[in-house]
Structures are given as structure tokens and as C-alpha cells.
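Throughout, read-outs are computed from the coordinates displayed, never taken from laboratory work. The structure presented is a predicted model; accordingly, all values stated were derived computationally and were not measured. Note: ideal-geometry Cβ built from the backbone for every residue, glycine included; neighbour counts use all protein chains shown.
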Amino acid sequence: MKSPKYPVLDDHIHIDPRNGRGLEAIKDFKRSGGTHICLVTKPSWSLNVTPSSGSDFNAVFDETLAIAKQIEEEGIVVFPILGVHPAEITVLTPRLTLDEAVIVMKDGLTCAASYVRDGRAIGLKSGRPHYEVSPEILMASNEILTHALTLGGELGCAVQIHAETGPCDDVVDMAWSAGMDPSRVIKHFGSPETPLMPSLVAKHEGITELCRSHRSFTMESDYMDENSRPGAVMGPRSVPRNTTSLLQAGQITPDDIYRIHQETPERVYGIEIRL
């Protein structure tokens, strides 16, 4: 296989040997020119974990790191991002009170922070439901998100958030108040209008224009790796393939590739990306 000419990072991808294609998806990513991934934890229920305490999420984190090791053996550089999916709150509340669910999720994030502190992960995952919820659930979710941002500020690490469609302007003030720089808060499945750091899906129509304006952003597939939902959200080949297609069409330049896939993630995550 020919060595890749440019670094290509998928900023938000899931690999799940239990429920999906696992390493076969990674092989597709590599064959298409992919070199680096941010491997993000899946929700607890995807891995048959039913958390009743924050420490129960350690099983999810440990499995994610075990998968990361397998991926690295395929020649892909992996940066784990660990945390608690914001939808956990609506899964937990039928069997726990809202206050109990908040404690479990915040404690789960505290556990994830210990992996970052030990150098086993590069950042945290949090957010708030991207679907309509009650005011009480939204308030509780913002409390959990604030805890994640506080941890990010204390650790000096990035926080990826999964949230509603739109700019999420209020998260800027939440981050500053929590002691975190909002430029290191990544809006997963983001859009150009967010004041946070947007991670755009590979086929986002705004990529070319953002490159022309030298706007910082990353690219992602949000590949879920579930056999029940093949190709959702985009396939594992999408980030490298679309990067190459845009370059060949003259819509982006090699400098744009380095900014998207190397310079921006290095600055946001505090990592080093090399071929």
C-alpha cells in the first residue's frame, strides 16, 4: 500500500467489533488514505453496560481503550476521547431519579477525567440531548455539561460536545465560567455558525468556503459502526475520500488539508500528528 501523502484525521468515529464491522471498517479508512482517528466512546447501552454509579462507566472506557489498541495494530494512530453520552440521562431516569442520574453521569465524567489525567485519553465527551426534552432534563443536562467543562479546564484538555443542531452560543459563557477556553470545545456534528470549534461531517457543503476564509475546523464521519444501521452517519471512508475529492477538484489546497487535519487538531487537543 502506498504511503499517504497527507495526514487525514477523522475527528469523531466509533469502532465497535461487538455490533459492527470493527477492524474491517478501519481497514477501509486506511485504504482510502486515513491516518489518524479520534475514537469516541459509544453510549453505555451499546456495550451492554447498565450504569448505577459513575464507576460503572469504566467498563465502557476500558473497552474503548482495548479497541484503540487493536486499531493501532492496523497502523492507524488513535486518540481516545472518553465520556458520557448526553442521551444517557433519558435512559437512566426511568430507573433512577433525575438527581440520581445527574450524580451518576457527573461521576462517570470524573472517572473519564482520570484516564485523561493518566495520559490514556486526550479529551472528554459530554453535551446535552439533541432532541426535545423537558425543562428539568435540559437544566440537569447543562449541569452535567458544566461539570465536563470544569474538568476540561482543570485538566487543560479538549471537550467534544454532542448537542442540538445550531450554534450553541450559550456554551461559550458556560465554558469561560467553568474555567475552560471555548476554542477547545468541539461541536461534534457542527456547523459554520458555531462560535465553538466546529467538527464538520465530511460532506458538509460549507467546507470549501471555510477553507477560503481560513476558518479553523476539523472533519468527521460520525460513523457509528452498527450492523443495524450500516453507514450511519457516514461511512469510514468518507473523511479521507472527501478530502481527496475536494483536493483533486481544486476546491481545497494542500495547505487546507494540513490546517484541517494537522494544525487545528494539534492546537485544540494538544496532540502531535505526524505521518
Could you compute the longest span of the chain free of GluC sites (Glu not before Pro) located in DSSP loops and having at most 16 other Cβ atoms within 10 Å, not counting the site residues? 1-72
Would you calculate the convex hull of the Cα atoms in the range 1-116 and tell me its volume per residue in Å³? 92
Counting Lys and Arg as +1 and Asp and Glu as -1 over every other residue whose Cβ sits under 14 Å from the Cβ of Leu155, the net charge comes to +1
Could you give the longest part of the chain that holds none of the trypsin sites (Lys or Arg not before Pro) found in DSSP loops with at most 10 neighbouring Cβ atoms within 10 Å? 96-273
Relative contact order of the chain: what whole-number percent is it, with Cα pairs under 8 angstrom and at least 6 residues apart? 21
What are the residues whose amide H is under 5 Å from the amide H of Ile13, where those residues sit 5 or more places off or on another chain and H is modelled from the backbone? Cys38, Val40
As I understand it, the value is the acute angle between the Cα axis of helix 58-72 and the longest principal axis of the Cα atoms of the chain; what does it come to in degrees, rounded to 10? 10
Distant-in-sequence amide H partners of Val8 (H built 1.01 Å from N, under 5 Å): Thr35, His36
Nearby aspartates and glutamates by direct alpha-carbon distance to Lys203 (threshold 17 angstrom, same-chain neighbours under 8 apart not counted): Asp10, Asp11, Glu193, Glu220, Asp222, Asp256
Residues other than Ile252 with Cβ under 11 Å of its Cβ, Lys/Arg counted +1 and Asp/Glu -1, net out at -1
Checking the cross-link filter: which lysines have an alpha carbon closer than 17 Å to that of Lys42, excluding same-chain neighbours under 8 positions apart? Lys69, Lys106, Lys125, Lys187
Nearest 10 degrees, 0 to 90: what angle lies between the long axis of helix 135-155 and the longest principal axis of the chain (Cα atoms)? 60
Sum up the charges of everything whose Cβ sits under 10 Å from the Cβ of Pro17, counting Lys and Arg as +1 and Asp and Glu as -1, but leave Pro17 out. -2
Assuming R0 = 22 Å, can you tell me the calculated FRET efficiency for the pair Asp118 and Leu47, based on Cβ-Cβ distance, to the nearest 0.05? 0.60
